[in-house]
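*Asks:* Supplied in structure tokens, the structure appears directly below.
The values are calculated or read from the model by the stated rules, or taken from the named source; none is laboratory data. It should be emphasised that the depicted structure is a prediction, and the values quoted were computed from it without experimental measurement. Cβ atoms come from the backbone with ideal geometry, glycine included; neighbour counts cover every protein chain shown.
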Amino acid sequence: MNNIFNLHNGEEDKQKVLTTVKNNISFSGPNLWILACAIMVASVGLNVNSTAVVIGAMLISPLMGPIVGAGFALGMFDFHLLRKSLKNLLLSTIVGLAVSFLYFFLSPYKEAHSEIIMRTSPNIYDVLIAFFGGLVGVIAVTRVEKGNPIPGVAIATALMPPLCTAGFGLATGNFAYFGGALFLYTINCVFICIATYIIVKFLKYPAVEFVDKKKSDRIRLWISVIIALMIIPSVFFAYRFITQQNYEQKVNHFIAGEFEDKGNTIVYKKTTYSTNPKKIELAFLTRKFSAAQIKEVNSKLKDYNISNTQVIIRQDSAFLAQAKTSNLETNEITDQNTAAIQELQNLLKKYTFGQQNLYPEAKAILPDLKSISVAKQEVYPQTDSSKIIPVAFYEADRRLTAPQITTLRNWLKIKLKADTLEIYKR
């Protein structure tokens, strides 16, 4: 059993591992060009919201080198290697920010898609991904057979996208995006480094410099402080993320229970979580609300355990037209709702003849008529399929004679462009 969990099984010669690690630290010549190209690829991927392109950039990125080097340096008390690693990490970070900033500054498309937004609010889950991804990465580096984990680690730890997102924030003047993305990038760097430090200590790589207990304790203290500085904000962001997700679920349940399940078609939905009170903005395809009805809708929020929230019903056509054409950041009219509107329009065409007032002409032909209505009726005979039959209903003091019905039918068939028509007295 001990052999199963023994990390020394299949371990590469320590000197060979160190040589590989040191060779991957430097950012000059080819490595710098590869980094710049990878940054450009990632920036394009983020700009066009292409997950596949972003993943490709992660795979060709050489950013892991100096981070792993710093972890080895800390574990072996090799302060020369540590300085070299941090210097190259700083250089690669500056190059990454500069290239991504330049791209987004020159790009005509500056919209923040989901691939960008998702990298601006790091939380504790990102810490866990970076730490365990770093563990896998350094374990793979210390093996004789490197295996398949390295590409997976490059994708999971995702160093490149947050760095490019920070460049996007700088280029667009969105410093909230810049700060959030740079914090995520820092989390990834720190916890990959910490994971490397732990494995280096566990595998007992020899110390390069003699370090007394006092200096060793000071290094561990600084590592603990850095970990705390990364984890505490991440826990807060995770708590806020979970709270917001729970709130969104309640809002969706409220909207479904009060509107969608009752046959109302919603064409615009926007939830604003950051305001006080929070806001739920809705617009409907056909339904109109009075002030009393809107007040009643707001009163029902407590039934869904939703507090400190205001429901706003958007009913003006000008707003809906703007919602279709403007570039709202979140919750604009969705493709799904657009499809629902189109489906309703198709149903109207299927069962009606459009908006036309037939009564004046019909009254001129048959003065006894008091009203007339037409529709398309779906009939289900004793077969597997149905058929649509045009039907007219008239209202008169007495039933029309056969010649009068023939006259009315022939006129309606021409008017409605129908091959057949059934006529009934209402």
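*Asks:* Quick one: in the stretch 255-266, which of the residues that are crowded, with 16+ Cβ neighbours inside 10 Å and within 22 Å of the chain's Cα centre (by Cα) is modelled with the highest pLDDT?
*Replies:* Applying the filter and picking the extreme gives Ile255.
*Asks:* Another question about this same structure. Let me spell it out: the conditions are (1) over 17 Å from Glu258 (Cβ atoms); (2) at pLDDT below 85, and Pro277 meets all of them except one. Which number is the exception?
*Replies:* Answer for Pro277: the failing condition is (2).
*Asks:* Picking from Leu106, Leu91, Leu46, which residue would you name as being of a type in the set (A, V, I, L, M) and touching a Cys at 6+ places or on another chain (Cβ under 7 Å)? Break it down stepwise before answering.
*Replies:* Working: Leu106 fails: touching a Cys at 6+ places or on another chain (Cβ under 7 Å); Leu91 fails: touching a Cys at 6+ places or on another chain (Cβ under 7 Å).
Unique residue meeting the criteria: Leu46.
*Asks:* Additional query: Residue under question is Leu74, and the condition is that it be closer than 30 Å to Ile199 by Cβ, out of contact with any Leu (no Cβ under 7 Å at 6 or more places or on another chain) and either part of a helix (DSSP H, G or I) or modelled with pLDDT of 85 or more (or both); does it hold? Working first, answer last.
*Replies:* Details: closer than 30 Å to Ile199 by Cβ: yes; out of contact with any Leu (no Cβ under 7 Å at 6 or more places or on another chain): no; either part of a helix (DSSP H, G or I) or modelled with pLDDT of 85 or more (or both): yes.
Here the answer is no, as Leu74 does not meet what is asked.
*Asks:* Which one of Lys302, Lys201, Lys269 is more than 30 Å from Ala130 (Cα to Cα), in a helix (DSSP H, G or I), modelled with pLDDT under 90 and not polar (S, T, N, Q)?
*Replies:* On the way: Lys201 fails: more than 30 Å from Ala130 (Cα to Cα); Lys269 fails: in a helix (DSSP H, G or I).
Just one listed residue meets the conditions, Lys302.
*Asks:* In addition: Among the listed residues Ser85, Ser43, which satisfies the condition of being of a type in the set (Ser, Thr, Tyr), part of a helix (DSSP H, G or I) and touching a Ser or Thr at 6+ places or on another chain (Cβ under 8 Å)?
*Replies:* Ser43
*Asks:* Now for a separate question. Taking the stretch 20-40, which residues are among the aromatic types (Phe, Trp, Tyr) and either in contact with a His (Cβ under 9 Å, 6 or more places away or on another chain) or assigned to a helix (DSSP H, G or I) (or both)? Can you show your working first?
*Replies:* If we filter the stretch 20-40 for residues that are among the aromatic types (Phe, Trp, Tyr), which is where we start, we get 27, 33.
Scanning the stretch 20-40 gives a single hit, Trp33.
*Asks:* What's the number of the only condition in (1) at pLDDT 85 or above; (2) surrounded by fewer than 23 Cβ atoms within 10 Å (Cβ to Cβ) that Pro149 fails to meet?
*Replies:* Result: Pro149 fails condition (1) only.
*Asks:* Among the residues of the stretch 107-114, are any charged (D, E, K, R), part of a loop (DSSP other than H, G, I, E, B), over 19 Å from Ala42 (Cβ atoms) and in contact (Cβ under 8 Å) with a residue 24 or more places away in the chain?
*Replies:* Start the filter on the stretch 107-114 by keeping residues that are charged (D, E, K, R), which leaves 110-111.
Keeping just the survivors that are part of a loop (DSSP other than H, G, I, E, B) gives 110-111.
Subset that is over 19 Å from Ala42 (Cβ atoms): none.
No, the stretch 107-114 contains no residue that is charged (D, E, K, R), part of a loop (DSSP other than H, G, I, E, B), over 19 Å from Ala42 (Cβ atoms) and in contact (Cβ under 8 Å) with a residue 24 or more places away in the chain.
*Asks:* Which one is surrounded by the fewest Cβ atoms within 10 Å (Cβ to Cβ) among residues in the stretch 1-54 that are touching a residue at least 24 places away in the same chain (Cβ under 8 Å) and among the basic types (Lys, Arg)?
*Replies:* So the residue we want is Lys14.
*Asks:* Okay, moving on. Look at the stretch 166-188 and say how many of its residues are surrounded by fewer than 24 Cβ atoms within 10 Å (Cβ to Cβ), part of a helix (DSSP H, G or I) and of a type outside the set (Ser, Thr, Tyr).
*Replies:* Selection size over the stretch 166-188: 9.
Residue-by-condition table, conditions (1) farther than 16 Å from Glu361 by Cα; (2) modelled with pLDDT under 85; (3) of a type in the set (A, V, I, L, M, F, W, C):
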site	(1), (2), (3)
Ser385	yes, yes, no
Ile388	yes, yes, yes
Leu416	no, yes, yes
Thr420	yes, yes, no
Lys425	yes, yes, no
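*Asks:* Looking at this structure, is Phe131 in a helix (DSSP H, G or I) and either in contact with a strand residue (DSSP E or B) (Cβ under 8 Å, 6 or more places away or on another chain) or closer than 30 Å to His8 by Cα (or both)? Show your work before the answer.
*Replies:* Working: in a helix (DSSP H, G or I): yes; either in contact with a strand residue (DSSP E or B) (Cβ under 8 Å, 6 or more places away or on another chain) or closer than 30 Å to His8 by Cα (or both): yes.
Yes, satisfied.
*Asks:* Shifting gears a bit: If a residue has to be surrounded by 12 or more Cβ atoms within 10 Å (Cβ to Cβ) and assigned to a strand (DSSP E or B) to count, how many in the stretch 359-374 make the cut?
*Replies:* 5
*Asks:* Let me ask something additional. Hey, any hits in the stretch 86-98 for a residue that's closer than 23 Å to Leu203 by Cβ and out of contact with any Asp or Glu (no Cβ under 8 Å at 6 or more places or on another chain)? Reasoning before the result, please.
*Replies:* The first filter runs over the stretch 86-98 and keeps only residues closer than 23 Å to Leu203 by Cβ, leaving 86, 89.
With out of contact with any Asp or Glu (no Cβ under 8 Å at 6 or more places or on another chain) added as a condition, the list becomes 86, 89.
Yes, some residue in the stretch 86-98 is closer than 23 Å to Leu203 by Cβ and out of contact with any Asp or Glu (no Cβ under 8 Å at 6 or more places or on another chain).
*Asks:* Another question, then. Which one of these is more than 30 Å from Asp212 (Cβ to Cβ) and either not assigned by TED's automatic domain parsing to the domain that holds Leu203 or not in a helix (DSSP H, G or I) (or both): Ser92, Ser121?
*Replies:* Working: Ser92 fails: either not assigned by TED's automatic domain parsing to the domain that holds Leu203 or not in a helix (DSSP H, G or I) (or both).
Only one candidate qualifies: Ser121.
*Asks:* Assess whether Ile219 counts as being over 23 Å from the mean Cα position of the chain (by Cα) and β-branched (Val, Ile, Thr).
*Replies:* Here the answer is yes, as Ile219 does meet what is asked.
*Asks:* Looking at the stretch 204-229 only, could you name the residues that are of a type in the set (Val, Ile, Thr) and assigned to a helix (DSSP H, G or I)?
*Replies:* Narrowing the stretch 204-229 to residues of a type in the set (Val, Ile, Thr): 208, 211, 219, 223, 225-227.
Once the filter is applied, which keeps residues that are of a type in the set (Val, Ile, Thr) and assigned to a helix (DSSP H, G or I), the stretch 204-229 yields Ile219, Ile223, Val225, Ile226, Ile227.
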